[in-house]
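What follows is one structure encoded as structure tokens, with my remarks underneath.
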Amino acid sequence: MSSKQPFKRHRFPAMVILVAVRMYLRYPLCYQDVTDLLAERGLEVDRSTVFRWVQKFGPELSRRTERHLRRASLNWHVDETYIRVGGKWRYLWRAIDANGQLVDFRLTARRDAKAAKAFLTKAMERVRLHRPLSICTDKAPTYRKVIREINHRYDPHFDYITHVDRKYLNNRVESDHAALNRLLGYRQSFRSLSCAKATLLGMETIRAIRNGHIQTRQTGVRGEISFVHQLFGLAA
């Protein structure tokens with residue numbers, strides 16, 4: 001996809017596409033709901049078209065928003081939840097900072113040390129030099145082992161990252177899971193991992209915009225719309 005002309009060869013105007021994508025990602029709607037809302041405004045769009053728009057522009061929205069995100073704090077909360085992908089339960093690993101801002105997420109088929117290590121490594125590569133000073137998790141022994149290995153990799157003689165394994169202190173990320181699950185609603189089943197990842201990238205980005213984790217943005221829903229339009233070079 002051309003980053004400069006992402007709407008090239010699309011029959012509908014860019015404004016219509018962004019409205020449909022943003023509605024699906026921001027509210028607990030299914031593709032048919034979005035199709036019906038567009039039909040109320042005189043726009044006949046098939047739900048499969050809305051699906052393709054979300055799969056294409058969800059990741060593109062995330063990519064364009066990346067440089068506008070506030071820097072994550074150095075205290076992380078890490079936990080995993082479940083979603084259905086291809087008819088099977090998969091693990092959704094998520095890390096947020098002390099302010100509730102998403103650091104990163106990862107979908108895996110297993111909940112083991114290998115999956116935890118891959119997720120935390122990916123999250124730390126994303127923040128680069130701004131590695132966390134503390135990571136709060138539940139009491140799963142998997143995290144203890146992985147964080148110990150990460151500390152040893154950076155400095156064998158010093159524990160750079162403090163591991164806090166108190167479940168009651170991890171309520172922040174569990175509450176954030178609940179908010180995401182409410183947004184997913186009855187859409188908590190995806191066709192494939194790639195479909196789930198593209199949709200979640202868009203949803204997490206819209207949630208970051210909505211929750212004020214962007215450096216410069218007007219408040220309210222009009223500010224969200226204006227920010228998204230500016231990302232794609234459209235008039236506010």
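The set of residues in segment 193-207 that are among the hydroxyl-bearing types (S, T, Y), at pLDDT 95 or above and farther than 15 Å from F227 by Cα contains only T199.
Candidates in segment 161-192 are the residues that are among the acidic types (D, E) and in a helix (DSSP H, G or I); of these, the one that is farthest from I150 (Cα to Cα) is D176.
Every test in (1) buried (at least 19 other Cβ atoms within 10 Å of the Cβ); (2) in contact with a Phe, Trp or Tyr (Cβ under 9 Å, 6 or more places away or on another chain); (3) not hydrophobic (A, V, I, L, M, F, W, C) is passed by H68 save one, and that test is (1). When segment 30-60 is filtered for residues that are surrounded by fewer than 19 Cβ atoms within 10 Å (Cβ to Cβ), within 25 Å of R210 (Cα to Cα) and of a type in the set (A, V, I, L, M, F, W, C), the ones remaining, listed by number, are C30, L37, F51.
Close Cβ contacts (under 7 Å, 6 or more residues apart or on different chains) running from residues in segment 130-146 that are closer than 19 Å to R172 by Cα to residues that are open to solvent by 20 Å² or more (accessible area, probe 1.4 Å) and of a type in the set (S, T, N, Q) comprise P132/N75; L133/N75; L133/T162; S134/N75; S134/T162. Being under 18 Å from the mean Cα position of the chain (by Cα) and of a type outside the set (A, V, I, L, M, F, W, C) is a description that does not apply to E44.
Every condition in (1) assigned to a loop (DSSP other than H, G, I, E, B); (2) at negative phi; (3) surrounded by fewer than 17 Cβ atoms within 10 Å (Cβ to Cβ) is met by G212 except one, and the failing one is (2). Has segment 179-197 got at least one residue that is open to solvent by less than 80 Å² (accessible area, probe 1.4 Å) and either free of Cβ contacts under 8 Å to residues at least 40 places away in the same chain or farther than 29 Å from V85 by Cβ (or both)? Within segment 179-197, one or more residues are open to solvent by less than 80 Å² (accessible area, probe 1.4 Å) and either free of Cβ contacts under 8 Å to residues at least 40 places away in the same chain or farther than 29 Å from V85 by Cβ (or both).
Taking the options R11, R26, R22, name whichever one is among the charged types (D, E, K, R) and surrounded by fewer than 15 Cβ atoms within 10 Å (Cβ to Cβ). The match here is R11.
The values are calculated or read from the model by the stated rules, or taken from the named source; none is laboratory data. The shown structure was predicted, so the numbers you read here are calculated from the model rather than taken from an experiment. All Cβ positions, even for glycine, are placed from backbone atoms using ideal geometry, and neighbour counts span all protein chains on display. Quick note on the areas: whole protein, heavy atoms, side chains included, nothing else; ligands and nucleic acids left out. Shrake-Rupley method; radii C 1.70, N 1.55, O 1.52, S 1.80 Å.
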